[in-house]
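This report refers to the structure that appears directly beneath it.
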Amino acid sequence: MKARRALDIGRAVANAETTASAVCEATLERLEHETGRFNHFITVAHERARARASAIDSAADRPRPLAGVPIAVKDNICTRGVRTTAASRVLSDHVPLYDATVIERLEAAGAVIVGKTNCDEFAMGSSSEHSAFAAVRNPWDLSRIAGGSSGGSAVAVATRQVPLALGSETGGSVRQPAALCGVVGFKPTYGRISRYGLIAFVSSMDQIGVFGANVRDVAACVGIIAGHDPRDATSALRPVDDYAAATGDDSRGLRIGVPRALLAEGLENGVRDAFDESLNVLRRDGAEIVDVALPHSRYATSTYAIVVMAEASSNLSRFDGVRYGTRATGAMNLEQMYSRTRALFGHEVKRRIMLGTYVLSAGYYDAYYLKAQKVRALIRQDFDRAFERVDVVATPTSPTTAFKLGERLENPVQMYLADAFTASANLAGIPAISVPCGFSSGLPVGLQLTGRAWEEATLFRAAAAYERLTPWTGQMPAA
Ligand code: GLN
């Protein structure tokens, strides 16, 4: 199938120019054919997709605006009747009894869920190599990582097998793989999108995010899934703006802050060049580029690591073989059953549970966890100050382009540094978006824009304005 925008597919199906079933079959065929190359899907949802597509085709009024639009979903978001594994052996046979709210809302708008994408186990990682299934490969270079943790969703969109995909964000897991695969990736304000049905990792940061091949599709999709959900106590009552409409404006008069000091170190040259050029483009379009200071964001990855491990160790205690998922067999007593079941977690998950238990222990709580919470408040305060002067803050999304598979597996600290520019938005609870901004040695680079809490519309406006001025969003990997 030719690469088409989600909204164009939705319109064509709604106007009966084509059928949801035809779109669905073409998509399933490609997924079937290409999953072995990229390892980007864990489950292709043939039955559910076909049933949904034919229901749309036979409806008197076809739903809008996503009628028949195929959507891929990260495998840590629950889908009724379709296995949801979080890429873990602990949930390898877990079939949820209910749909996440985002799934219900997408289907009500006409979307067809075609499958569940591969990711790092329980969304812990920056490369989609920590999956119990297989490592996801980057379509721009199969020897490289796709980014993580939502790597499979990024690849599904980068290859245009689907126009939209859902991921989850705790420290950059949508924006970073979006940047590394050359697509648009968005993370909302904390509380903007319901996470009922998202498998918990870090409750104070987890959010569902969206991948798309262009800003307008992403904005429209966010408009559909955003908004209060009585089933998620952390979801906000705030009204949802018309995000798709916001993509029509130019960037004239936008004030864009750049934290130069933060970008002084650790940035790959090609990434720096593409980023600087993107600022020139925005400046020529009428935006004002201003220096801002985010002095505490240099502690973002360390602060993030402590908060994440603490909360993950607590959230993952529920996987004990009793209530969910896999139960290890052959245990002689309860203790053994717990430990054999929990032995099924992969290395990275075990590392985080152990370190998290440590930073929460009586003797170390003040030194690590409490301290991290204080730095978290300072990181947020820096943003509040910056947003008194600017509308958005711009940085590269990732300090490097996609690295080689295996390159950082033995070095978790190197792996965590991939989140150097993304984690602060999660710590601060504010929205951010990554848009393609060029290439470095043939590999995609992402421009990240971070905004004020609840002002997603400004981000979509700025990102769409930039996208219109550059050719990068249309680029697809050759293969
Ligand atoms: N790379 C980060 C981590 O490993 C981000 C994960 C995420 O956003 N889910 O924690």
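The values are calculated or read from the model by the stated rules, or taken from the named source; none is laboratory data. Everything numeric in this text was worked out from a predicted model, so none of it was measured. Ideal geometry is used to build each Cβ from the backbone, glycine not excepted, and the neighbour counts take in all protein chains shown. Calculation scope for accessible area: heavy atoms of the full protein, side chains included, ligands and nucleic acids excluded. Shrake-Rupley method; radii C 1.70, N 1.55, O 1.52, S 1.80 Å.
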Quick check on the stretch 6-249: of the DSSP beta bridges with both residues there, what percent are antiparallel, nearest 5%? 70 percent
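How many percent of the alpha carbon pairs in the stretch 6-249 exceed a separation of 33 Å? Walk me through the intermediate numbers first.
Numbers: 2689 of 29646 pairs.
Tail fraction, whole percent: 9.
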For the stretch 359-442, what value does the Rg/Rh ratio take when both radii are computed over Cα atoms and Rh is the Kirkwood radius, given to two decimals? 1.05
Mind listing the long-range amide H neighbours of Ile71? Cut-off is under 5 Å, sequence gap 5 or more, other chains count too, H placed in the peptide plane at 1.01 Å from N. Val112, Ile113, Val114
With the alpha-carbon atoms as the only input, what is the per residue convex hull volume for the stretch 328-479 in Å³? 191 Å³
Taking alpha-carbon centroids only, the stretch 99-154 lies from the stretch 1-63 a number of Å equal to 18 Å
Roughly how many Å² of Ser424 are accessible to a 1.4 Å probe, to the nearest 10? 10 Å²
So for the stretch 169-268, using the alpha carbon gyration tensor with a ≥ b ≥ c as root eigenvalues (a/c under 1.5 gives rounded; past that, a/b versus b/c decides prolate or oblate), I'd call it oblate
Report relative contact order for the chain in percent, whole number only (criteria: Cα-Cα under 8 Å, sequence separation at least 6). 18 percent
I'd like the GluC sites (Glu not before Pro) in the stretch 6-90 restricted to DSSP loop residues with at most 15 other Cβ atoms within 10 Å, sorted by number. Glu17
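Assigning unit charges at the beta carbon (Lys, Arg +1; Asp, Glu -1) and nothing else, what dipole magnitude in debye, to the nearest 20, does the chain show about its Cα centre?
Working: 53 positive and 50 negative charges, 104 e Å.
Here the chain has a charge dipole of around 500 debye.
Kindly provide the trypsin sites (Lys or Arg not before Pro) of the stretch 210-287 that DSSP labels as loop, not H, G, I, E or B, and whose Cβ sees at most 15 other Cβ atoms within 10 Å.
Listed in order of number, the matching sites are Arg231, Arg252.
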Bridge type composition, the chain - antiparallel percent by DSSP, nearest 5: 70 percent
Mean ellipticity per residue at 222 nm, deg cm²/dmol - from DSSP H runs of n ≥ 4 across the chain, formula -39500 (n - 2.57): -11000 deg cm²/dmol
Divide, for the chain, the radius of gyration over alpha carbons by 2.2 N^0.38 Å, where N is the residue count. 0.91
Per residue, in Å², the accessible surface of the chain once ligands and nucleic acids are set aside, probe 1.4 Å: 37 Å²
Euclidean distance between Cα centres, the stretch 280-319 to the stretch 205-272, Å: 14 Å
